[in-house]
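Visitor: Quick one: the structure is below, questions incoming.
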Amino acid sequence: MPAVRPLPETGSIFLDARGGDRALRVSWHQEAGMVVLSLWRDNVCAGSFRLAIDEVPDLITVLQAGLVRSYEDARDRLTVLGSASA
């Protein structure tokens, strides 16, 4: 089995909500002009995706739009619940 490589200096780990030692690692590789998104389970890399640095803003835009939509939906649900109890 290959050895686990340490996360580069600029990166982060996000744990999967399902648990089970699942994680997403995000590692920046400026020297190669990319960011690597890798899926891990039990300290074994199950898959990776290399994204060119110039494509990162598009990914951020998609994530931000989803986050805004989630907040708007939550606000709308709270508004409906608030008016139903009034």
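Visitor: Taking the Cα centre of the chain as origin, sum charge times position over the Cβ atoms of Lys and Arg (+1) and Asp and Glu (-1), and report the length of that vector in debye to the nearest 20.
Guide: Result for the chain is approximately 300 debye, rounded to the nearest 20.
Visitor: What does the extension gain come out to for Gln64 and Ala17, with contour length at 0.36 nm per residue minus their alpha carbon separation?
Guide: 15.0 nm
Visitor: So, in nm, how far is label Ala32 from label Ala52 when the simple model puts each one 7 Å beyond its Cα toward the Cβ?
Guide: 1.6
Visitor: Working from the alpha-carbon coordinates of the chain, get Rg over Rh, Rh being the Kirkwood radius.
Guide: 1.16
Visitor: Give me Trp40, Trp28 ranked fewest to most by other Cβ atoms within 10 Å of their Cβ, as a rough exposure proxy.
Guide: Trp28, Trp40
Visitor: Now, a different point. Show the residues, 5+ positions off or on another chain, whose built amide H is closer than 5 Å to the amide H of Asp16.
Guide: Distant-sequence amide H within range of Asp16: Arg22, Ala23, Leu24.
Visitor: How much net charge surrounds Leu37 when only the other residues with a Cβ under 9 Å from the Cβ of Leu37 are counted, with Lys and Arg +1 and Asp and Glu -1?
Guide: With Lys, Arg at +1 and Asp, Glu at -1, the neighbours total +2.
Visitor: Note the angle between two axes, namely the Cα long axis of helix 56-84 and the longest principal axis of the Cα atoms of the chain, as a number of degrees from 0 to 90, rounded to the nearest 10.
Guide: 30
Visitor: Taking the Cβ of Thr79 as the center, what net charge do the other residues with Cβ under 14 Å away carry, scoring Lys and Arg +1 and Asp and Glu -1?
Guide: Its environment carries a net charge of -1.
Visitor: Oh, and also: Taking +1 at the Cβ of each Lys and Arg and -1 at the Cβ of each Asp and Glu, which of Ala65, Val35, Val80 sits farthest along the dipole of region 11-84 towards its positive end, judged by Cα position relative to the Cα centre?
Guide: Checking the options against the dipole of region 11-84, the answer is Val80.
Visitor: What 222 nm value per residue comes from the helices of the chain, counting each DSSP H run with n ≥ 4 as -39,500 (n - 2.57) and dividing by all residues, nearest 500 deg cm²/dmol?
Guide: So the calculated ellipticity at 222 nm is -12000 deg cm²/dmol.
Read the figures in this text as sums done on the coordinates, not as results from a lab. In this text, all values refer to a predicted model and were calculated from it rather than measured experimentally. Note: ideal-geometry Cβ built from the backbone for every residue, glycine included; neighbour counts use all protein chains shown.
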